[in-house]
Every structure is written in structure tokens, then in C-alpha cells.
1. Residue by residue through the range 244-261, note down the ones that are assigned to a strand (DSSP E or B) and either of a type in the set (Ser, Thr, Tyr) or within 15 Å of TYR192 (Cβ to Cβ) (or both).
2. Please work out which one of (1) modelled with pLDDT of 90 or more; (2) under 22 Å from VAL132 (Cβ atoms) is the condition GLY47 fails and give its number.
3. Do we find that LEU183 is free of Cβ contacts under 8 Å to residues at least 60 places away in the same chain, outside any loop (DSSP other than H, G, I, E, B) and touching a Gly at 6+ places or on another chain (Cβ under 8 Å) in this structure?
4. Determine if the range 90-101 includes at least one residue that is on the phi > 0 side of the Ramachandran plot and at pLDDT 90 or above.
5. For ILE102, all conditions in the list (1) in a loop (DSSP other than H, G, I, E, B); (2) surrounded by fewer than 18 Cβ atoms within 10 Å (Cβ to Cβ) hold save one; what is the number of the exception?
6. Quickly run through the range 153-194 and pick out the residues that are charged (D, E, K, R) and more than 31 Å from the chain's Cα centre (by Cα).
7. In the range 211-243, what residues are within 27 Å of GLY172 (Cα to Cα) and either under 34 Å from the mean Cα position of the chain (by Cα) or outside any strand (DSSP E or B) (or both)?
8. Quick one: in the range 32-56, which of the residues that are within 17 Å of ILE102 (Cα to Cα) and in contact with a strand residue (DSSP E or B) (Cβ under 6 Å, 6 or more places away or on another chain) is surrounded by the most Cβ atoms within 10 Å (Cβ to Cβ)?
Amino acid sequence: MILLVVFYGLAGGTSEDASVLVFFLGIIWNWLYYAIMESSAKQATLGKMAIGLVVTDKNDNSLTFGRATARYFAKWLSFILLMIGYIMAAFTKKKQALHDMIAGTVVYQRQRSKAGGIIAGIFVGFIGLIFVLSLIALPLFLNEAIKAKQSEARMYISAINKGQQAYYAQNGEFSDNISDLGLGIQLETANYSYDISRINSGPYVISTANAKDGQLKSYSGIVYLKDSRTQAMICATDKPSSTALDDFESVDRCPSGSSKL
């Protein structure tokens, strides 16, 4: 349960899809860890091994993987009932918590051996090291996923800018329709929606990439004339935003709250 809470906490800082993924990965990790360890020859998780506890069925036999699985998921009921399911262990004859009664299991203490305690301690330390490393690696992985999604918007806006420059060279004006540029790009993707938000006889034209995910930045591109030649610029919001900033006070300066790429 502790590992699951940590996984859920990590998910809270990510996008909605990533949050769901991390949460369910936490459930699977917890389930496999408890079920495999408690149905193994050791009959205990590393924490229980360290203090000499084992989990058996009512006849003192090792648990099957299925019974260990049932015990794990029955813990959810003990947890949901405001931990009352755990407190029941203090009042039942065999010191069984609610999930033990449901799964038909018993937890008791066997005589500890010095070697067993040392081995358990080593394993706990090893698992702890792996867990700490995973806490470091997971945010890095999620950050790279965000960067990959944002690279789509930068690439699309760059393509639209170049398309507008080519269109102007041929037609002497900018287009107010992305489809006219012949780029073959989708105006709606899983991460962004693309549009031409403003066109001016100045002349200049502004295109936008509005993020669909609250963890992503939005982008705007502008193409304008300077000394009878077209110039292009891309701006990104300084913080994650679902709306691209298109209020350019000057064609060669990004709107407040965004920065030039």
C-alpha cells in the first residue's frame, strides 16, 4: 500500500493519461510483489522476513499464488473501511485482519535466524536502492515524453511558416487556410489543434498550436514582410498553457508570456 501511495503521488504531477498509467503500474507492482513473495518458499515479503513473520493458510501450508493474490486484493477492503480491517487483528483469536479472514490466511512469527535476518536486510536494501533509482528515473522519463509531444508542435508551426513563405512567393499574399499550403498535416492531433488565428494586410499572418494537455506549452508562428522579404518566427508560451499567444505588439517580438525559439 505504501508503494501504491508513492506511485499515485508521482502520477499527480503528470498529464492525465500518464497519471492513469502510473497509478495502474503501481497496483500491478504491488500485487506481483506481495503475491510472489508470500507464495514463495520464504512465505513472506522482505519486511516480514526481517522481523521473522510468515504468512500461511489455516493449516500452516504455504500459500498458493491465487490465495496470496486474494489476500492482497482483500487488503483494499481493509483499507477502504478506514483501516478497521487491520485493527481487527488485535481482537480475533488467530490475530487475523479482515483480509486474512477473507483469504483464509494467518500471519505469525517463527523463530528468527541470524543469517535470515542478514539476508532479509540485504534484500531490503537492494530493493530500496532500486526503488530510489526508479523515483529518479520516472520523472525524467515523463519529462522526455512531454518534450516529444511539444516537438510535434514546433515542427508543425515551422512547416506552416515555411508554407506561408512559399505561398506568398507564388501568390503575393498569405493564406488564411492551412490546407491551401499543401503541407498534408493534420489540423487536429492527439496533442494539439492547429489554426491560422490572424491574417493582416500589413502584411503578416499568425498560426497557432493550442495544446490539448495541461502539461504542454502552446506555440504561435508569425510570417511577415520586412524589406520586401518574408521573415518567420516561432514563439512558445513560457509556461504550460492550452492557449497560444497571438497578440503580437510587434511582428518581430513575441507576445508577453512567451519566448522566441
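1. Passing the criteria: SER250, SER258, SER259.
2. (1)
3. Here the answer is no, as LEU183 does not meet what is asked.
4. Taking the range 90-101 as the starting set, the residues that turn out to be on the phi > 0 side of the Ramachandran plot are 95.
The next check asks that each one be at pLDDT 90 or above; those that pass are none.
Checked the range 90-101: no residue is on the phi > 0 side of the Ramachandran plot and at pLDDT 90 or above.
5. Failing condition for ILE102: (1).
6. LYS162, GLU173, ASP176, ASP180
7. Correct list: TYR219, SER220, GLY221, ILE222, ASP227, SER228, MET233, ILE234, CYS235.
8. Within the range 32-56, the match that is surrounded by the most Cβ atoms within 10 Å (Cβ to Cβ) is GLU38.
The values are calculated or read from the model by the stated rules, or taken from the named source; none is laboratory data. None of these values were measured; they are calculated from a predicted model. Counting neighbours? That spans all protein chains shown, and the Cβs are built from the backbone with ideal geometry, glycine included.
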